[in-house]
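Where a number appears in this text, it was derived from the coordinates with a stated rule and is not lab data. If you're wondering where the values come from, they're calculated on a predicted model, not measured in any experiment. Cβ atoms come from the backbone with ideal geometry, glycine included; neighbour counts cover every protein chain shown.
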Amino acid sequence: MTITEIIYWLELAGVAVFAITGALEASRRQMDMVGFVLIATFTGIGGGTVRDVITGATPVFWIRDTTWLVTCIGAAVITYFTAHLVERRYVALLWLDALGLAMFGVTGAAIGLNLGVSPLVAIVLGMITATFGGMVRDVVCNEIPLILRPEIYITCALVGAGIYVIGTAILDLPRGPIAVIAFFAAFLMRACAIKFKLSFPVYRARPGREY
Amino acid sequence: MTITEIIYWLELAGVAVFAITGALEASRRQMDMVGFVLIATFTGIGGGTVRDVITGATPVFWIRDTTWLVTCIGAAVITYFTAHLVERRYVALLWLDALGLAMFGVTGAAIGLNLGVSPLVAIVLGMITATFGGMVRDVVCNEIPLILRPEIYITCALVGAGIYVIGTAILDLPRGPIAVIAFFAAFLMRACAIKFKLSFPVYRARPGREY
Amino acid sequence: MTITEIIYWLELAGVAVFAITGALEASRRQMDMVGFVLIATFTGIGGGTVRDVITGATPVFWIRDTTWLVTCIGAAVITYFTAHLVERRYVALLWLDALGLAMFGVTGAAIGLNLGVSPLVAIVLGMITATFGGMVRDVVCNEIPLILRPEIYITCALVGAGIYVIGTAILDLPRGPIAVIAFFAAFLMRACAIKFKLSFPVYRARPGREY
């Protein structure tokens, strides 16, 4: 399997997994079938769409190839009929989201490097691909915006993208194994953050200061 | 009148009608003239802008041709001075929005097909063109996000776009009459949804399940 | 110094100043370091990104040149460690935002004219560049959306962009001095709006009308 194929399958798995989190969120908001499909599709392809638009890779990926839309619609329909089998839907959402976050962090950075951008920009593209879909899901569904939660989240995408970019573009290591290592590092970090509720120190003003 | 002209006039009418709904919303929020123009413009050209950006048809349509901006600004100014003549502004907003939804569903799909995308993608482009402007209007003005309302809304855009795409791209019927039929089908469906408060069955969890 | 260099330095200063306002907002929301960098970057490069995407100038400016991201990250880190020195952070944010607004109104319009768009579209591009970053900052941080505040804000960007476009594209005056005049006019107008709480008359419905 070439690196391009690895990236393709990771990306497809990421889209499916994020689409399921969108559909689970729709089930928690008691939407109808159309809402399921819409939120699943936004979440699944949102990050990659922004990445393609700002890098100028238009028409964006899901316009060029219908597979992506079919994947999102399929994930939404299957979730509509099976979500009641899941005991605790929010927990399922959280862990699938972690999986998608780790996948998209790596694929976003890899696609950036293929376009010839600088390492820093490639890491940022990985972060955007990984976090934007979930951000749209949360904003549209009136959840507390991702960015305002104290938990470690975006950093996991940055770590995955960072390991891949430093490993392949700077240290020139083989891309396949590095992609796998970067994925697991990002997922493990997010898993620890969920399990142990890890967070970074927040900014605190000195007393007596005005906001 | 050629099909390109029909699409152009339908699109222009859609922009004007959506711009008026934006200005009516601004009047309900007691904004100043600048707010009227801004919300009217967002609503009028928002959907088409997203369609052009993701398909790579840049610079987007209103940058290439100043007519569109002038239409939105004109609609905002006229509404500013005449909105008080309307007895029930929210009802006017609702019906004009239905008109724009039906127009943009067809034109968005037609523009997609002209770019050579697959039928499924063309339907999705029609839906995006029809719903995005109103979504931005609602988010910026702090209305309940469209997608969370139980009413049948997006489906009407999908039906209009679907009839046009299946009729012209798959059954190869003449495009002019099909565009008109698709428009009326979408508008009638939305009219029934408003009049009889139709909605699809929503997802309900079995009792005893955690969210 | 050529006009291209003036525009470049004005744009860089605008990005830095807007990034600081984003970081100050993050400090008011007690975010962690990652949140600081993220909000600072959104605010700093948001307006220019939208301008580049809709005009088709992709990959967008901060992908082509890493300076912009480094500036935003640097501004966020410096603000993280120095924000406690500022007595009244919201006032600092307000005035820096006014500075950025005036800078971006001019540079956005100038970049639009360089792309050969019509004067009206160039003014709109200036307005988008100047206001979009702050809008994203406010939406993500749950502040009252800009557009709903009664104060004079967007008009200042329109005035700056308008003076530059009318002065250079229509009256054909030298671009350097006009850029400086347009910047000061926009900043002064915003300064008066902050100082004297100026606002335009808002729309008021006649009594007895339904909303």
>> Given axes a ≥ b ≥ c from the Cα gyration tensor, I'd like to know whether chain C is rounded (a/c under 1.5), prolate (a/b larger than b/c) or oblate.
In response: oblate
> Shielding of C:38-45 by partners, i.e. mean partner chain Cβ atoms within 10 Å per residue?
Replying inline: 1
> Across peptide C:63-71, what mean number of C-beta atoms from other chains lies inside 10 Å of a residue's C-beta?
Replying inline: 3
> Say R0 is 51 Å: what FRET efficiency, to the nearest 0.05, do residue C:82 and residue B:70 get from their beta-carbon distance?
Replying inline: 0.60
> residue C:34: net charge of surrounding residues, Cβ under 12 Å, Lys/Arg +1, Asp/Glu -1, itself excluded?
Replying inline: -1
> If amide H atoms are built 1.01 Å from N in the plane of the peptide, which residues on other chains or at least 5 residues away come under 5 Å of the amide H of residue A:66?
Replying inline: none
> What residue of chain A sits with its beta carbon nearest the rotation axis taking A to B, and at what distance in whole Å?
Replying inline: A:53, 3
>> Name the residue from C:71, B:123, B:35 whose Cα lies farthest towards the positive end of the charge dipole of the protein assembly as shown, charges +1 on Cβ of Lys and Arg and -1 on Cβ of Asp and Glu.
In response: B:35
>> Test of understanding: extend the Cα→C-beta vector of residue A:184 to 7 Å, then name every residue of segment A:1-34 with backbone N under 18 Å from that spot.
In response: A:6-7, A:10
> What would the Debye formula give as log10 I(q)/I(0) at q = 0.05, 0.11, 0.12 Å⁻¹ for the alpha-carbon point model of the protein assembly as shown, no solvent?
Replying inline: -0.22, -1.16, -1.39
> Please report, for the Cα atoms of segment C:96-159, the Rg to one decimal and the Dmax as a whole number; what are they, in angstrom?
Replying inline: 12.1, 37
> Residue separation times 0.36 nm, minus the C-alpha to C-alpha distance between residue B:8 and residue B:202: what's the value?
Replying inline: 66.1 nm
> Which distances in nm, rounded to one decimal and ordered from shortest, link the label point of residue A:166 to the equivalent label points in the other identical copies, with labels set 7 Å from Cα toward Cβ?
Replying inline: 5.5, 5.5
>> Highest mean first, how do C:36-44, A:130-138, A:62-70, B:171-179 rank when packing is the count of other Cβ atoms within 10 Å averaged over residues?
In response: C:36-44, A:130-138, A:62-70, B:171-179
> Among residues other than residue C:199 whose Cβ falls under 12 Å from its Cβ, what is the net charge (Lys/Arg +1, Asp/Glu -1)?
Replying inline: 0
>> For peptide A:124-137, what's the mean number of Cβ atoms from other chains within 10 Å of each residue's Cβ?
In response: 1
> What number comes out for the charge environment of residue A:183, summing +1 per Lys or Arg and -1 per Asp or Glu over other residues with Cβ under 13 Å away?
Replying inline: +1
> Normalised by the number of residues in chain C, what is the relative contact order in percent for Cα pairs under 8 Å and 6+ residues apart?
Replying inline: 23
> Once phi is turned into ³J(HN,Hα) by the Karplus curve 6.51 cos²θ - 1.76 cosθ + 1.60 with θ = phi - 60°, what whole-Hz value does each residue of segment A:81-91 show in order, with x for glycine and proline?
Replying inline: 8, 10, 4, 5, 6, 7, 4, 10, 5, 5, 5
